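The values are calculated or read from the model by the stated rules, or taken from the named source; none is laboratory data. Just so it is clear, the structure is predicted and the values come from calculations on it, not from any experiment. Cβ coordinates were reconstructed from backbone atoms using ideal geometry, including for glycine residues, and neighbour counts include every protein chain displayed.
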Amino acid sequence: MLDIGIVAKHAGLPASTLRFYEEKGLIESVGRKGLRRLFDEDVLDRLALIALGQHAGFTLDEIAAMFTSKGPKIDREQLLEKADQLDRTIKKLEAMSKGLRHAAKCSAPNHFECSKFQRLLNVATKSQQKRKAGKSVK
């Protein structure tokens, strides 16, 4: 069994995050030593899966749904959907990067006179409008 301080150190997380994860049902302590929570060593694997899920853009609720009493059960279709979403985000970011590089090198006397910069502004405006519309619908 691992003390919460040891788990925090190995996982690179503050103890408060571990307590929060326990409240959310992501991890489970197996006992206490005084006031300190104790965890099985497999908690480090669960924490690694949580970190991977977060880096991939899954919410904590989505990650929690991946854990069952028999161990992790990861929906492969959900993984493919998240990968597709990441691919779309990468394409948008690459286009933005190219546009910014062009703007930095553009010979137009004023960026607003550059047609490529104008397209970049339009894309940013449309993207912002979509985000606002999505927030108002939720």
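Here are a few things to note about the model shown:
- Residue in segment 35-53 that is of a type outside the set (Lys, Arg), farther than 30 Å from residue 7 by Cα and loosely packed, with under 14 Cβ neighbours inside 10 Å present: no
For (1) modelled with pLDDT under 90; (2) under 17 Å from the mean Cα position of the chain (by Cα); (3) not basic (Lys, Arg), each residue gets a yes or a no:
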{"site": "74", "(1), (2), (3)": "yes, yes, yes"}
{"site": "95", "(1), (2), (3)": "yes, no, yes"}
{"site": "98", "(1), (2), (3)": "yes, no, no"}
{"site": "107", "(1), (2), (3)": "yes, no, yes"}
{"site": "132", "(1), (2), (3)": "yes, no, no"}
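- Scan of segment 2-24 for residues that are in contact with a strand residue (DSSP E or B) (Cβ under 8 Å, 6 or more places away or on another chain) and in contact (Cβ under 8 Å) with a residue 40 or more places away in the chain, ordered by number: 2, 7
- So residue 65, is it of a type outside the set (Ser, Thr, Tyr), under 30 Å from residue 117 (Cβ atoms) and at pLDDT below 95: no
- Positions within segment 54-65 being closer than 22 Å to residue 87 by Cα and surrounded by 15 or more Cβ atoms within 10 Å (Cβ to Cβ), in sequence order: 58, 60, 62, 63
- Condition check for residue 41: in the same structural domain as residue 24 (by TED's automatic domain parsing), of a type in the set (Asp, Glu) and not in a helix (DSSP H, G or I): yes
- Failed criterion for residue 107 (all others in (1) assigned by TED's automatic domain parsing to the domain that holds residue 127; (2) among the hydroxyl-bearing types (Ser, Thr, Tyr); (3) in a helix (DSSP H, G or I) hold): (3)
- Selected residue (only one of 93, 120, 80 is of a type outside the set (Val, Ile, Thr), touching a helix residue (DSSP H, G or I) at 6+ places or on another chain (Cβ under 6 Å) and more than 30 Å from residue 8 (Cβ to Cβ)): 120
- Qualifying positions in segment 93-114 - surrounded by fewer than 12 Cβ atoms within 10 Å (Cβ to Cβ) and of a type in the set (Lys, Arg): 101, 105
- Meets criteria (farther than 21 Å from residue 26 by Cα and not aliphatic (A, V, I, L, M)) for residue 62: no
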